[in-house]
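Engineer: Sharing a structure, written as structure tokens. Questions coming.
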Amino acid sequence: MDDINEIENSYRNAISSAASLGDLEKIRVKGLGKKGELTELMKSIGSMEEAERRSKAPKLNALKSRIIGEIEKKKELITEDEIKKSTNEEWLDISRPTRPSQNGKIHPISQVTDEVVEIFSDLGFSIAEGPQVESDWYNFDALNIPPEHPARQEFDTFYVNSNSDSESPPHVLRTHTSPVQIRHMEKKGGVPCRIIVPGKVFRSDYDQTHTPMFNQLEGLAIDEDLTMSHLKWTLEEFCSKFFEVPDLELRFRASHFPFTEPSAEVDIRCSWEDNILKLGQGDSWLEILGSGMVHPKVLSACNVDPNYFQGFAFGMGIDRLAMLKYGIPDLRSFFEGDVRWLDHYGFDPLDKPSIRSILS
Ligand code: DAH
């Protein structure tokens with residue numbers, strides 16, 4: 001009996017002075033764990049004489065449940081204390097401003113590419129792509145620019161090293177997106193078609209309006225009966241939607257490109273007042289693209305019968321469109337990767353392209 005009292009007192013003392021849930025767990029294991037003091041005592045019941053068992057077993061059982069009860073009570077007390085402590089110490093100032101969050105911006109070239117693609121998609125054009133390292137054939141010959149043609153010199157071409165024993169002309173970094181016309185038309189089922197080709201092109205040139213890499217948009221429509229008037233309507237429709245000026249006036253100026261006949265450069269009506277450009281009004285004209293009816297020799301180079309198919313093509317600089325529409329003065333800044341510049345000229349990712357609102 002004394003034994004039991006002593007054991008109980010020692011556990012009660014230990015439990016009441018436990019300062020944490022960890023201390024309490026240690027006490028539980030010491031008494032009631034697999035090899036705990038009380039567990040061993042309970043085990044000894046089995047080997048007791050009948051009389052001893054009758055008197056001791058209920059006492060031991062009662063002791064065990066009292067100690068379990070004490071541990072549980074203390075556990076609640078400690079948990080309550082811990083909660084009180086943490087609510088006193090930890091607090092949240094809901095009036096504090098949030099941390100500044102860093103939002104990325106959409107680069108004007110990506111924005112303008114999206115806008116342009118969206119307008120042409122509405123007109124039934126789909127996107128085509130081609131390689132940036134191009135063979136001499138696709139970049140020049142197939143587009144009716146033979147080796148001796150002066151247009152080859154105009155392009156400031158980057159040539160790609162070829163093996164010293166190679167007889168064939170070196171590959172080039174494509175100087176325009178026009179080779180994709182060829183790649184598309186020569187495919188099985190390539191014509192009739194309506195495609196646009198946004199992509200990077202390369203020329204060895206560097207000043208305020210030229211960079212060695214820039215972005216172009218090519219357009220090509222081939223069918224049995226397409227004429228210059230379809231070209232004119234398509235470009236008028238595109239320009240007035242893109243520049244958000246209804247009935248924007250275009251001027252088709254006779255020009256020359258080896259891959260189109262007839263060829264035209266297209267200008268939009270504009271005015272310059274105090275160095276500010278206004279599109280759609282005034283007495284000045286601003287050149288924005290080259291275009292024309294696809295040359296029969298180009299169709300033949302793709303095994304498309306020029307007696308049966310005809311169509312139009314056009315090419316423009318995406319970067320130039322961005323500069324004009326969003327008033328960005330220097331082309332070089334597009335590619336400098338200056339985050340402050342992007343912050344100023346970039347677009348909020350959640351902004352809907354403004355074009356949607358015009359179309360709807
Ligand atoms: N490839 C021409 C250039 O880079 C642009 C161009 C002009 C493309 C007339 C065309 C076109 O498809 O018809 O300067």
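Engineer: Within the set of pairs 6 or more residues apart or between chains, which connect a residue that is at positive phi inside the stretch 277-302 to a residue that is among the β-branched types (Val, Ile, Thr) and open to solvent by 20 Å² or more (accessible area, probe 1.4 Å) with Cβ atoms less than 7 Å apart?
Structural biologist: Once the first residue is at positive phi and sits in the stretch 277-302, its partners that are among the β-branched types (Val, Ile, Thr) and open to solvent by 20 Å² or more (accessible area, probe 1.4 Å) give Gly280/Val245.
Engineer: Restricting attention to the stretch 281-296, and to residues there that are touching a strand residue (DSSP E or B) at 6+ places or on another chain (Cβ under 6 Å) and assigned to a loop (DSSP other than H, G, I, E, B), which single residue is nearest to the ligand (Cβ to nearest atom)?
Structural biologist: This residue is His295.
Engineer: Let me ask something else about it. Out of all the residues in the stretch 31-65, which are basic (Lys, Arg), assigned to a helix (DSSP H, G or I) and over 14 Å from Tyr11 (Cα atoms)?
Structural biologist: Of everything in the stretch 31-65, those that are basic (Lys, Arg), assigned to a helix (DSSP H, G or I) and over 14 Å from Tyr11 (Cα atoms) turn out to be Lys43, Arg53, Arg54, Lys56, Lys59.
Engineer: Can you tell me how many residues within the stretch 229-259 are within 16 Å of the ligand (Cβ to nearest atom) and either touching a Pro at 6+ places or on another chain (Cβ under 6 Å) or assigned to a loop (DSSP other than H, G, I, E, B) (or both)?
Structural biologist: Selection size over the stretch 229-259: 2.
Engineer: Return only the number of the condition from (1) more than 13 Å from the ligand (Cβ to nearest atom); (2) open to solvent by less than 10 Å² (accessible area, probe 1.4 Å) that Lys188 does not satisfy.
Structural biologist: Condition not satisfied by Lys188: (2).
Engineer: Give the stretch 297-348 a look and list any residue that's within 16 Å of the ligand (Cβ to nearest atom), more than 19 Å from Thr113 (Cα to Cα) and either open to solvent by 60 Å² or more (accessible area, probe 1.4 Å) or of a type in the set (D, E, K, R) (or both), or say none.
Structural biologist: Passing the criteria: Lys297, Gln310.
Engineer: Let me ask something else about it. Just wondering, is there one or more residues in the stretch 185-199 that are at pLDDT 95 or above, under 26 Å from the mean Cα position of the chain (by Cα) and not in a strand (DSSP E or B)?
Structural biologist: Within the stretch 185-199, not a single residue is at pLDDT 95 or above, under 26 Å from the mean Cα position of the chain (by Cα) and not in a strand (DSSP E or B).
Engineer: Could you list all residues from the stretch 200-214 that are among the basic types (Lys, Arg) and either modelled with pLDDT under 90 or more than 11 Å from the ligand (Cβ to nearest atom) (or both)?
Structural biologist: Hit for the stretch 200-214 is Lys200, nothing else.
Engineer: Search the stretch 5-23 for residues that are of a type outside the set (Phe, Trp, Tyr) and open to solvent by 80 Å² or more (accessible area, probe 1.4 Å) and pair each with any residue that is at pLDDT below 90 and assigned to a helix (DSSP H, G or I) when their beta-carbon atoms are under 6 Å apart and the residues are at least 6 apart or on different chains.
Structural biologist: From the stretch 5-23, no pairs qualify.
Engineer: Of all residues in the stretch 95-124 being of a type in the set (Gly, Ala, Ser) and assigned to a helix (DSSP H, G or I), which is surrounded by the most Cβ atoms within 10 Å (Cβ to Cβ)?
Structural biologist: Ranking the qualifying residues of the stretch 95-124, first place goes to Ser110.
Engineer: Next question. Would you tally the residues in the stretch 36-57 being open to solvent by 70 Å² or more (accessible area, probe 1.4 Å) and either within 60 Å of the chain's Cα centre (by Cα) or farther than 25 Å from Glu25 by Cα (or both)?
Structural biologist: Residues that pass the stated criteria total 8.
Engineer: With the structure loaded, tell me whether Leu220 is in contact with a helix residue (DSSP H, G or I) (Cβ under 9 Å, 6 or more places away or on another chain) and within 16 Å of the ligand (Cβ to nearest atom) or whether it fails that test.
Structural biologist: For Leu220, the condition - in contact with a helix residue (DSSP H, G or I) (Cβ under 9 Å, 6 or more places away or on another chain) and within 16 Å of the ligand (Cβ to nearest atom) - is met.
Engineer: Checking the structure you have, find out if any residue of the stretch 156-179 is aliphatic (A, V, I, L, M) and within 16 Å of the ligand (Cβ to nearest atom).
Structural biologist: Yes, some residue in the stretch 156-179 is aliphatic (A, V, I, L, M) and within 16 Å of the ligand (Cβ to nearest atom).
Engineer: Moving on to the next point. Could you list all residues from the stretch 317-349 that are in a loop (DSSP other than H, G, I, E, B) and in contact (Cβ under 8 Å) with a residue 40 or more places away in the chain?
Structural biologist: Those that are in a loop (DSSP other than H, G, I, E, B) and in contact (Cβ under 8 Å) with a residue 40 or more places away in the chain: Gly327, Ile328, Pro329, Asp330, Gly346, Asp348, Pro349.
Engineer: Among (1) without any contact (Cβ under 8 Å) to a residue 24 or more places away in the chain; (2) assigned by TED's automatic domain parsing to the domain that holds Val201, there is one condition Ala57 misses while meeting the rest; what is its number?
Structural biologist: Every listed condition holds for Ala57 apart from (2).
Engineer: Report, by residue number, each residue of the stretch 132-145 that is within 16 Å of the ligand (Cβ to nearest atom), at negative phi and either among the hydroxyl-bearing types (Ser, Thr, Tyr) or open to solvent by 20 Å² or more (accessible area, probe 1.4 Å) (or both).
Structural biologist: Gln132, Trp137, Tyr138, Asp141
The values are calculated or read from the model by the stated rules, or taken from the named source; none is laboratory data. In this text the structure is predicted, and so the values were computed from the model without any measurement. Positions of Cβ are generated from backbone atoms using ideal geometry, with glycine treated the same way; all protein chains shown enter the neighbour counts. Side chains are part of the model used for accessible areas, which takes the heavy atoms of the whole protein and leaves out ligands, DNA and RNA. Shrake-Rupley method; radii C 1.70, N 1.55, O 1.52, S 1.80 Å.
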